[in-house]
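Novice: What follows is a single structure, and I will ask about it in a moment.
The values are calculated or read from the model by the stated rules, or taken from the named source; none is laboratory data. On a predicted model such as this, the values are computed, not experimentally measured, just so you know. When we count neighbours, we look across all protein chains shown, and the Cβ atoms used for this are built from the backbone with ideal geometry, even at glycine.
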Amino acid sequence: MHLKKDRVRPGLVRHPWVYPEAIAQIDGAYENGDAVVVKGPNGEFVGGGFINDKSRLMVRLVTFDKGIPVDDDLMRRRTREAIELRDRVLRLPDRADAYRVIHSEGDGLPGLIVDRYADHIVIQCTSLAVSNRLDPILDVLQAAYEPRGIYERGKAEGLRAREGLPAGRGTLRGEEPPERVEIHEGGLTYLVNMADGQKTGFFLDQRDNRALAATFAAGRSVLDVCSFTGGFALAAAKGGAERVRGFDASAKAIAIAAENATANGVAETVDFERAEMFDELKRLRDAGEEFGLVILDPPKFARNRSEVRRALTGLRELNALAMRVLAPGGILITCTCSHHIDDAPFEETLREAARRARRELAILERRGAGLDHPTSLHCPEGRYLRCWILRAT
């Protein structure tokens, strides 16, 4: 396979995604999911990867070293390297028994997500080629963690559908997942629904941000918007909050959040209820309620670039409402989880929200996902979570 001349330039070299319009010609026959060699217009080696002409990402490059074959041994090595980063370098098992083990391009295995929940493993795969090569990856995971079961999630829609993949196959190895898996983080116990919960069951990417929220919570009243199963709310309660109110649109999530509060002995401090985020924030604003710490972690507003403008409008309104219920001197932790929304437009949206709310705020820190969610330096699109910490005067 050869790339067009204008596709071999510094800004694109070592980027792992090759789009159809970048390809000048393909030599020989292939089947989707095959390993291919990508060359420049003069025949120079660019990289090795996987081809799938059903996908917008027609080739996903996994190596830029001519001497490294794209085979099962590479899958095994990348998996072992990912495990070593989490367990021996970051030493995550010392702090939690739930964390991300493989983070797609950030670990050199595009389209693959692997999360550990205590003695269970959950995977999501949006790459046909990697899905076809799961066995060597599963072998390494099995040897490293000896899980009770390895479970695959994923509906036959979105990225999976565009790759030509069916729905996730459920239990791949070992036992069926239980209805609830118990995990531990920051001195707290959380119950996780791996089969039906958001993402793979829990927002593992917010672990370090939850820990930071706990440090701000002492002696404050806390509002956790879009609380899901109570991750931030329980961390705030553990951190010494006077009272915590959490709400989410999902009745199932709120039920698990209440179970989590009881399991951690903070049910008297934390109150969860089902509510829509815009409606509830307007109600609290109109009632004149204020909170010393407001946590805003809404669902993804933009699933593609065409939705970015509408998403920023929604985020501006949502943040303006949150700022109006933030007490003087209060802390706002506000997030967006769409990789289509970059730092600059997100921050400008917060400025516009502050102007609308007539509030003065200072940025304390700009954060993202935890260290178990690495991003390839050459693929900034892999960075999706933005978490800004602000203080109101």
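A quick yes/no check of all residues on (1) basic (Lys, Arg); (2) in contact (Cβ under 8 Å) with a residue 12 or more places away in the chain; (3) touching a helix residue (DSSP H, G or I) at 6+ places or on another chain (Cβ under 8 Å); (4) surrounded by fewer than 24 Cβ atoms within 10 Å (Cβ to Cβ):
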| site | (1), (2), (3), (4) |
| --- | --- |
| Gly201 | no, yes, no, no |
| Ser221 | no, yes, no, yes |
| Gly231 | no, yes, yes, no |
| Gly240 | no, yes, yes, yes |
| Lys252 | yes, yes, no, yes |
| Asp271 | no, yes, no, yes |
| Glu289 | no, yes, no, yes |
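Novice: Tell me whether segment 167-178 contains one or more residues that are at pLDDT 95 or above and within 18 Å of the chain's Cα centre (by Cα).
Specialist: No, every residue in segment 167-178 fails to be at pLDDT 95 or above and within 18 Å of the chain's Cα centre (by Cα).
Novice: Which residues, taken from segment 246-274, are in contact with a Leu (Cβ under 9 Å, 6 or more places away or on another chain) and closer than 30 Å to Pro345 by Cβ? Quick ask: steps written out before the conclusion?
Specialist: The initial filter retains those residues of segment 246-274 that are in contact with a Leu (Cβ under 9 Å, 6 or more places away or on another chain), namely 246-247, 256-257, 259-261, 263-264, 266, 270.
Correct list: Gly246, Phe247.
Novice: So how many residues does segment 287-329 have that are among the aromatic types (Phe, Trp, Tyr) and either more than 25 Å from the chain's Cα centre (by Cα) or outside any loop (DSSP other than H, G, I, E, B) (or both)? Even if it seems obvious, please write down each step before you answer.
Specialist: Residues of segment 287-329 among the aromatic types (Phe, Trp, Tyr): 291, 301.
Next, from what is left, pick out any that are either more than 25 Å from the chain's Cα centre (by Cα) or outside any loop (DSSP other than H, G, I, E, B) (or both): 291.
Adding up the residues that qualify gives 1.
Novice: Report yes if Arg88 is of a type outside the set (Gly, Ala, Ser) and at pLDDT 95 or above, otherwise no.
Specialist: In short, yes.
Novice: Now, a different point. Do we find a residue being more than 30 Å from Leu293 (Cβ to Cβ), out of contact with any strand residue (DSSP E or B) (no Cβ under 7 Å at 6 or more places or on another chain) and either at pLDDT below 95 or aliphatic (A, V, I, L, M) (or both) anywhere in segment 196-214? Break it down stepwise before answering.
Specialist: As a first pass, look at segment 196-214 and keep what is more than 30 Å from Leu293 (Cβ to Cβ): none.
Within segment 196-214, not a single residue is more than 30 Å from Leu293 (Cβ to Cβ), out of contact with any strand residue (DSSP E or B) (no Cβ under 7 Å at 6 or more places or on another chain) and either at pLDDT below 95 or aliphatic (A, V, I, L, M) (or both).
Novice: Hey, can you tell me all the residues within segment 325-363 that are surrounded by 19 or more Cβ atoms within 10 Å (Cβ to Cβ), in contact (Cβ under 8 Å) with a residue 40 or more places away in the chain and not polar (S, T, N, Q)?
Specialist: Val325, Leu326, Gly330, Ile331, Leu332, Ile333, Cys335, Cys337, Ile341, Phe346, Leu350
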